Amino acid sequence: MKNMSLQIKPGEVHGLVGENGAGKSTLIKVLTGVHMPDKGEIWVDGVQKKFTKPSDARDAGIACVYQELNIVKLLSITDNIFIGRGIKNKLGLLNYEAMHKEAQNAMCALGHDIDPRRICGNLGMGLQQMIEIGKAIQLNSKLIIMDEPTSLLGEKEVFQLMSTVRKLKEQGVAILFVSHKLEELFEICDRVTVMRDGEHICTKKVSDMTNESLITAMVGRTLDDRFPKEFGVKGECMIRVENLNAGILRNVSFEAYGGQILGFAGLVGAGRTETMRAIFGADPIESGAIYIKGKKANINSPAQAVAQGIAFLTEDRKGQGLILSQAVSINLILASIKKFSKFGMLNNNAIHESSNRSIHSLRIKTPSNNEIAGQLSGGNQQKVVIGKWINTDADIYIFDEPTRGIDVGAKIEVYNIMNSLVKKGKCVIMISSELPEILGMSDRVIVMREGRVMAEIDRGSEHFNQESIMKAGWGGVLV
């Protein structure tokens, strides 16, 4: 990051956008005292500040809701909201009665009247995200930085968050809103700043920008088609699921074919991810059958699923898709490690050559294949996970929210990877909460609700639209 300038006014929602690797995370870390700048100045309320640690920024009235959750799952909601501080009584002991009340007020402001004594690890990811936001609200901060705050939220929670942001704005709180969802920026932001290659590109009123001009500023080029759908030749039935029951799933049945992308739509909690986890052997199946290329398959573990030619790109790339402390080269061969080992010894030359091919073909931006995966941008981490599974040469690729938290340029690269798989005759199953993405890239769509299949819609059908998918997702019948 160099020569970066940013001014945020009280009572303003200020958008910050840029491709992955543009420098947004570095800027946030400087503003929150995680990193110290080499040069430059930070001013808060007209007073110059120097942050040497996160508590300095917090004391200056700056709070941050990070994209990657900082929840301690074994602690309660109250403990997480007051972590590192607390309300004490006259004896110097923690006043939990007062803390519980404050924590409950913070959560109620976000539309969740929940017992603050509940343990966070027992809550869903969306609610954990709301706890992070509640923590920032409870601090009575002057500036709240929200880094992809809606990435884990359902439609109802996003609506509540937007209402909360508007209330904070009315109270004079400044919001720095970082998001890859352009529709959110146009809905909630007053001004937007664009970063590219670590530098300030422009700051403009949102009303003076369009989708196209914003994307052009971000990537330095026009993106004529945000969903570059390419059609493969429909091949054999790669996987058939019959009357699958597991957990919340009830009689789930569908077919997916080679040369096609089958999209899975539905509200948060509809059972889409649960379906794929059951197919992949990550969760036990109570009853039902799975057929791979016409043959009944007994899959009781992910290893057996991989052996059957199934790849599963999970929603949580950092928690389940990568070993962040390991090199890019190691991450790229994790799912196919047997091909690179003999007598228990890894063939480092083969790993080096294979990882370099993957880096080149997937256009992974990294200094070398020895770079630690955790140091890459979100979009490049996602491409490493994809590369890991492509190296297995699977027949069935399950992509769970494949473009969540990555920029528009990286999204198109992911779509093109999916296109290349389809053109090779592979079967792609894509779960997405973004209806434009579902409609833009799918050949057929399965809509789920409360663990059941509500509709199956072909691309050429009159129901292949957002309204019909939403209707089915809410339990309506398509006529």
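If you take the residues in segment 315-333 that are of a type outside the set (D, E, K, R) and buried (at least 19 other Cβ atoms within 10 Å of the Cβ), which one is modelled with the lowest pLDDT?
Kept after step one, since they are of a type outside the set (D, E, K, R), are these residues of segment 315-333: 319-333.
Going one step further and asking which of them are buried (at least 19 other Cβ atoms within 10 Å of the Cβ), we end up with 321-322, 328-333.
On the way: GLY321: 85, LEU322: 90, VAL328: 94, SER329: 93, ILE330: 93, ASN331: 92, LEU332: 93, ILE333: 91.
Taking the candidates together, the pick is GLY321.
Quick one: how many residues across segment 121-157 are touching a strand residue (DSSP E or B) at 6+ places or on another chain (Cβ under 7 Å), of a type outside the set (Asp, Glu) and crowded, with 19+ Cβ neighbours inside 10 Å?
Initially, segment 121-157 is screened for residues touching a strand residue (DSSP E or B) at 6+ places or on another chain (Cβ under 7 Å), giving 132-133, 136, 139, 141-149.
The next check asks that each one be of a type outside the set (Asp, Glu); those that pass are 133, 136, 139, 141-146, 149.
Cutting the leftovers down to crowded, with 19+ Cβ neighbours inside 10 Å gives us 133, 136, 141, 143-146, 149.
Residues that pass the stated criteria total 8.
Looking at segment 81-114, which of its residues are of a type in the set (Gly, Ala, Ser) and either more than 27 Å from the chain's Cα centre (by Cα) or assigned to a loop (DSSP other than H, G, I, E, B) (or both)? Walk me through it before giving the result.
To start, the set of residues in segment 81-114 that are of a type in the set (Gly, Ala, Ser) comprises 84, 86, 92, 98, 103, 106, 109, 111.
Correct list: GLY84, GLY86, GLY92, ALA98, ALA109, GLY111.
Yes or no: GLU371 under 30 Å from ALA297 (Cβ atoms), under 24 Å from the mean Cα position of the chain (by Cα) and not β-branched (Val, Ile, Thr)? I'd like the intermediate steps shown before the answer.
Details: under 30 Å from ALA297 (Cβ atoms): no; under 24 Å from the mean Cα position of the chain (by Cα): yes; not β-branched (Val, Ile, Thr): yes.
So GLU371 fails the test.
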Legend entry - Extreme residue, nearest to ASP59 (Cα to Cα), among residues of segment 124-158 that are of a type in the set (Asp, Glu) and within 12 Å of the chain's Cα centre (by Cα): ASP147
Inset, instruction - Could you tell me whether any residue of segment 447-464 is surrounded by fewer than 20 Cβ atoms within 10 Å (Cβ to Cβ), within 29 Å of SER179 (Cα to Cα), touching a residue at least 40 places away in the same chain (Cβ under 8 Å) and touching a Lys or Arg at 6+ places or on another chain (Cβ under 7 Å)? - result: no
Inset, instruction - Scan segment 39-46 and give yes if some residue there is surrounded by fewer than 18 Cβ atoms within 10 Å (Cβ to Cβ), assigned to a loop (DSSP other than H, G, I, E, B) and either hydroxyl-bearing (Ser, Thr, Tyr) or touching a residue at least 40 places away in the same chain (Cβ under 8 Å) (or both), otherwise no. - result: yes
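Would you say ASN369 is surrounded by 14 or more Cβ atoms within 10 Å (Cβ to Cβ) and farther than 24 Å from TYR415 by Cβ?
Working: surrounded by 14 or more Cβ atoms within 10 Å (Cβ to Cβ): yes; farther than 24 Å from TYR415 by Cβ: yes.
Yes.
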Inset, instruction - State the number of residues belonging to segment 307-336 that are in a helix (DSSP H, G or I) and in contact with a Leu (Cβ under 8 Å, 6 or more places away or on another chain). - result: 4
Inset, instruction - Hey, can you tell me all the residues within segment 263-274 that are buried (at least 23 other Cβ atoms within 10 Å of the Cβ) and in contact with a Ser or Thr (Cβ under 8 Å, 6 or more places away or on another chain)? - result: GLY263, PHE264, ALA265
Inset, instruction - Return a yes/no flag: does segment 189-206 have any residue that is more than 18 Å from VAL13 (Cα to Cα), at pLDDT 90 or above, of a type in the set (A, V, I, L, M, F, W, C) and not in a helix (DSSP H, G or I). - result: yes
Legend entry - Boolean, GLU236 is closer than 30 Å to GLU19 by Cβ, of a type outside the set (Val, Ile, Thr), touching a Lys or Arg at 6+ places or on another chain (Cβ under 8 Å) and exposed (fewer than 15 other Cβ atoms within 10 Å of the Cβ): no
Legend entry - Unique match (being under 24 Å from the mean Cα position of the chain (by Cα), over 30 Å from CYS120 (Cα atoms) and either surrounded by fewer than 13 Cβ atoms within 10 Å (Cβ to Cβ) or not charged (D, E, K, R) (or both)) among GLY23, GLY15: GLY23
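The values are calculated or read from the model by the stated rules, or taken from the named source; none is laboratory data. As the structure is a prediction and not an experimental result, all values here were calculated from the model. Every residue, glycine as well, gets a Cβ built from its backbone with ideal geometry; the counts of neighbours run over all protein chains shown.
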